[in-house]
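Everything on this sheet refers to the single structure shown next.
Read-outs throughout are calculated quantities, based only on the coordinates presented, and are distinct from any laboratory measurement. Worth saying up front: this structure is predicted, and the values here are computed from it rather than measured. Note that each Cβ is placed from the backbone with ideal geometry, even for glycine, and that neighbours are counted across all protein chains shown.
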């Protein structure tokens, strides 16, 4: 089982690197052939990037996560959708990621607090039940002692216990 845990991520890493190097070693000139066309025409190919200011279609730089400013400013770079630039995409992803992290932390905090609250409540309930049982036991003990004392009085055995000197 341990080998599978190590082998699967290693295999995924090797395949990912092979894909990146295959894309970077064999640049696709299909994107550059679409210069002067429209954004929609350029972005039909997933590996293409459209720059609005220069109206050029270029191959997406896979070695960098974001296109460098010298290539095309983030405000003017389009990839995947013509109506969304990289700056909006980054801000949206950051906000969504932050909301997800905050929601996760709130859920984690609430679950831990509720669990502690529930266990505290459970412990208090168990303590009340134990106290209740203890008081019932004490009541039974006093009743038994009274009954025994009444029986001793009835038969004239109310004196001191002859075996008490041995205890």
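Classify the stretch 94-155 as rounded, prolate or oblate, taking a ≥ b ≥ c as the square roots of the eigenvalues of its Cα gyration tensor: rounded when a/c is under 1.5, otherwise prolate if a/b is larger than b/c and oblate if not.
Values: a/c = 16.11, a/b = 15.76, b/c = 1.02.
Cα axes put the stretch 94-155 in the prolate bin.
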Completion exercise
Under the 7 Å Cα-to-Cβ spin-label approximation, residue 92 and residue 133 lie apart by a distance in nanometres of 6.1 nm
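Just order 32-45, 86-99, 130-143 by mean Cβ neighbour count inside 10 Å, highest at the front, would you?
By packing density, highest mean first, the sequence is 32-45, 86-99, 130-143.
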